[in-house]
Amino acid sequence: MRIIFMGYHNIGHICLEVLGELCRQYGDEIVAVVTHADDPDENQWFASVRDLAFSQYYPVYQPADPNEPGFVEVLRRLQPDFLFSCYYRQMLKKPLLDLPRAGALNLHGSLLPRYRGRCPVNWVLIHGETETGITLHYMEEKPDCGDIVAQQRVPITLEDTALTLFDKMTVAAAALMRDTYPRLRAGTAPRLPQDHAQASYFSGRRPEDGRIDWGQSAHQIHNLVRAVTHPYPGAFTTYQGHKLFIWQGKPVEASLPPASQPGTVISNRPDAGLLIATGQGGFLIQQGQFVGEPESSGIELAKLGVRPGQRLGEA
């Protein structure tokens, strides 16, 4: 079998690693690795597909547009049997998807048909899901709607952040690929149509989407904070015109003063941090950071002048 691999990020890295092992086992060949040039403005906290490909002497391509006809022709001449896309960030068009003899497959970070689209790891946390997973499916021009080959479920705990969940997903991706590739090459893997009536779709997220609405419940705010905390851009609010990032916190059972407006600082808890009134319940800030200042505990934020009775999030 001749394989074109397209990938990026930790999941792309682990899937290339696993496919390389399987190809050596079966006598197959990775004839091209297509990845992205790193963005200098992006926090590079993840493993490099390009560096792994170089270390294994795979041919590496980093096209600005993989659908450009000249590049499609380069890949066509490689006569691929399979194309695998594992967290590759660009949409692939039909001329590229039609190249591999046995099919083009994508690894998506949710249990399809739910959470199609961008940033599924972040979105499942924002919505308070207790389970997500990895789906390997055949690609069509419409994103994330092709027939399903395999899925691996991943539990979500209340303590999970985007980073810890991504780590779990990476382990699941390796297990799924290791189990499924032998069946794909043997022609015995299932191909199950998705139930499009059950589909949900979410778009990409911007740093501005991390703004906290203190009118939401403490649990909703907690879900946003853990969904976009390090290494992502972070949830934030304002305090007296200054931007304040909230990197860690939790809902707490606490008696709030009557008619406390959302965003009001209720107390400085010397054992924990700042307790903030929300639309429902209290939220305890445990780690935060003013722009231009070092990251601080909630207790340390109190020392910077955040006091009971003051409000966060005001213009």
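The values are calculated or read from the model by the stated rules, or taken from the named source; none is laboratory data. In this text, all values refer to a predicted model and were calculated from it rather than measured experimentally. Note that we place each Cβ from the backbone using ideal geometry, even for glycine, and neighbour counts take in every protein chain shown.
Within segment 289-301, is there a residue that is under 30 Å from residue 118 (Cβ atoms) and outside any loop (DSSP other than H, G, I, E, B)? Yes, segment 289-301 has at least one match. Residues being surrounded by fewer than 18 Cβ atoms within 10 Å (Cβ to Cβ), assigned to a helix (DSSP H, G or I) and touching a residue at least 40 places away in the same chain (Cβ under 8 Å): count how many of those fall in segment 175-190. Residues flagged as surrounded by fewer than 18 Cβ atoms within 10 Å (Cβ to Cβ), assigned to a helix (DSSP H, G or I) and touching a residue at least 40 places away in the same chain (Cβ under 8 Å) within segment 175-190 amount to 2. Residue check: residue 45 meets all listed conditions (1) assigned to a helix (DSSP H, G or I); (2) hydrophobic (A, V, I, L, M, F, W, C); (3) exposed (fewer than 15 other Cβ atoms within 10 Å of the Cβ) but one, namely (1). For segment 300-315, the set of residues classified as in contact (Cβ under 8 Å) with a residue 12 or more places away in the chain, of a type in the set (Lys, Arg) and surrounded by fewer than 13 Cβ atoms within 10 Å (Cβ to Cβ) consists of 307 only.
Just checking, which of 297, 255 is out of contact with any strand residue (DSSP E or B) (no Cβ under 7 Å at 6 or more places or on another chain), of a type in the set (Ser, Thr, Tyr) and either at positive phi or surrounded by fewer than 19 Cβ atoms within 10 Å (Cβ to Cβ) (or both)? So the residue among 297, 255 that is out of contact with any strand residue (DSSP E or B) (no Cβ under 7 Å at 6 or more places or on another chain), of a type in the set (Ser, Thr, Tyr) and either at positive phi or surrounded by fewer than 19 Cβ atoms within 10 Å (Cβ to Cβ) (or both) is 255.
Among the residues of segment 237-248, just one is touching a Leu at 6+ places or on another chain (Cβ under 6 Å) and modelled with pLDDT of 95 or more, namely 237.
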